[in-house]
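A.B. asks: Okay, handing you the structure first.
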Amino acid sequence: MLTLGSINLIMFDPVEYVNARQGLGAWILGGLLVGWGTRMGNGCTSGHGVCGLPRFAPRSFAAVATFMGAGFAMATFRYYVPFFTGSLSSDETLKDVWRWVALGLFILGSAGAAFVIVASGPKRTEMVVSYGLGLLFGVGLVVSGMCRISKIQGFLIIGEPWDPSLIFVMMSAVLINVFTFNYILTKVPRPVLSGAEGKYVVPPRGQIDSRLVIGAALFGLGWGLSGLCPGPGVICFFSLTNAIVWVASLAVGQVAFDIALEKYTKAHEKKA
């Protein structure tokens, strides 16, 4: 908890609360579904929601509608028919050790980022700005409550405990980006920090296909089950001992999809 004057800002759920609500199955299956789904559907709440909706991309509207529906369905069903709950705890020794390990990883990561920035030469300013914006994005996730599993699931559960406050988080970001994205893409000829030859790399609006819809649905199910999407999940990796399991499962899900896609593509090319 962070206290700012008379305001108490709760940034993370207590470890004991999370462990009582999230069993091992929720961490593992939730991470796998989010990992596979984000790769298959090419995005999540940030990619399709915060970035795709402001560009009025049909694919993003379809993806957001799909993963929101799947997330509501999973979280609501699990609330009224509990499963994958409890039975996972972390003893005090592990908690204490992980605090120091997490701090060490953060320091190591920051040192690595500093090395990359120093070694980036002409792109140093661009790298510094990117690093600063990444930090700002992370702060936004923490302040908005996106790193609190209880708040995410409270939003996704339809019924008496429903918490609608996260609507304002996404909608405020979308509304701001409606103006900033469209102004930049129409009024600024090239990225400010990219040099004279730079150009924007904007995802295509594309077609709505089965891969997009299935991927978004799987992501939504994993989101509703675990209460985490990629950005907040990585942050919780440093604050919740058992989030290690979720992050590892997320990575496995993403790699597994890439391998499956590569094999499918090669098999399809041989048949052709």
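A.B. asks: Does the range 232-242 contain at least one residue that is surrounded by fewer than 20 Cβ atoms within 10 Å (Cβ to Cβ) and of a type in the set (Ser, Thr, Tyr)?
C.D. replies: Yes: the range 232-242 contains one or more residues that are surrounded by fewer than 20 Cβ atoms within 10 Å (Cβ to Cβ) and of a type in the set (Ser, Thr, Tyr).
A.B. asks: Please enumerate the residues belonging to the range 152-204 that are free of Cβ contacts under 8 Å to residues at least 24 places away in the same chain and in contact with a Ser or Thr (Cβ under 8 Å, 6 or more places away or on another chain).
C.D. replies: PHE155, LEU166
A.B. asks: Here's another thing I want to ask about it. Give me the helices (runs of 4 or more DSSP H) completely within the range 176-272, filtered to those with at least 1 residues that are farther than 21 Å from ILE149 by Cβ, ordered by residue number.
C.D. replies: In the range 176-272, the matching helices (runs of 4 or more DSSP H) lie at 210-226, 243-271.
A.B. asks: Output the number of residues of the range 209-225 satisfying the condition of being modelled with pLDDT under 95 and touching a Phe, Trp or Tyr at 6+ places or on another chain (Cβ under 6 Å).
C.D. replies: 0
A.B. asks: Would you point out the residue of the range 16-50, among those that are in a loop (DSSP other than H, G, I, E, B) and surrounded by fewer than 23 Cβ atoms within 10 Å (Cβ to Cβ), that is farthest from the chain's Cα centre (by Cα)?
C.D. replies: So the residue we want is GLY23.
A.B. asks: With the requirement that a residue be more than 16 Å from LEU228 (Cα to Cα), surrounded by 24 or more Cβ atoms within 10 Å (Cβ to Cβ) and of a type in the set (A, V, I, L, M, F, W, C), what does the range 51-86 give you?
C.D. replies: Hit for the range 51-86 is ALA63, nothing else.
A.B. asks: Additional query: Checking SER60 against (1) among the polar types (S, T, N, Q); (2) under 18 Å from the mean Cα position of the chain (by Cα); (3) under 22 Å from GLY25 (Cα atoms): exactly one of these is not met. Which one?
C.D. replies: The number of the failed condition is (3).
A.B. asks: If you don't mind, another one. So which residues in the range 162-175 are among the hydrophobic types (A, V, I, L, M, F, W, C) and assigned to a loop (DSSP other than H, G, I, E, B)?
C.D. replies: Hit for the range 162-175 is TRP162, nothing else.
A.B. asks: Same structure, new question: In the range 63-116, which residues are within 20 Å of the chain's Cα centre (by Cα), small (Gly, Ala, Ser) and at pLDDT below 90?
C.D. replies: Across the range 63-116, the qualifying residues are ALA102, GLY109.
A.B. asks: Same structure, new question: Can you name the residue in the range 144-161 that is outside any helix (DSSP H, G or I) and surrounded by 13 or more Cβ atoms within 10 Å (Cβ to Cβ) and, of all such residues, is farthest from the chain's Cα centre (by Cα)?
C.D. replies: Among those residues, the one meeting the criterion is ILE158.
A.B. asks: Please find, within the range 236-261, the residue that is farthest from the chain's Cα centre (by Cα) out of those that are modelled with pLDDT under 90 and farther than 12 Å from GLY31 by Cβ.
C.D. replies: Here the answer is THR241.
A.B. asks: Then there's this: Given (1) surrounded by fewer than 22 Cβ atoms within 10 Å (Cβ to Cβ); (2) touching a residue at least 24 places away in the same chain (Cβ under 8 Å), where does TRP246 come up short, assuming only one miss?
C.D. replies: (1)
The values are calculated or read from the model by the stated rules, or taken from the named source; none is laboratory data. Just so you know, these numbers come straight off a predicted model, no measurement behind them. Neighbour counts run over all protein chains shown; Cβ positions are idealised from the backbone, glycine included.
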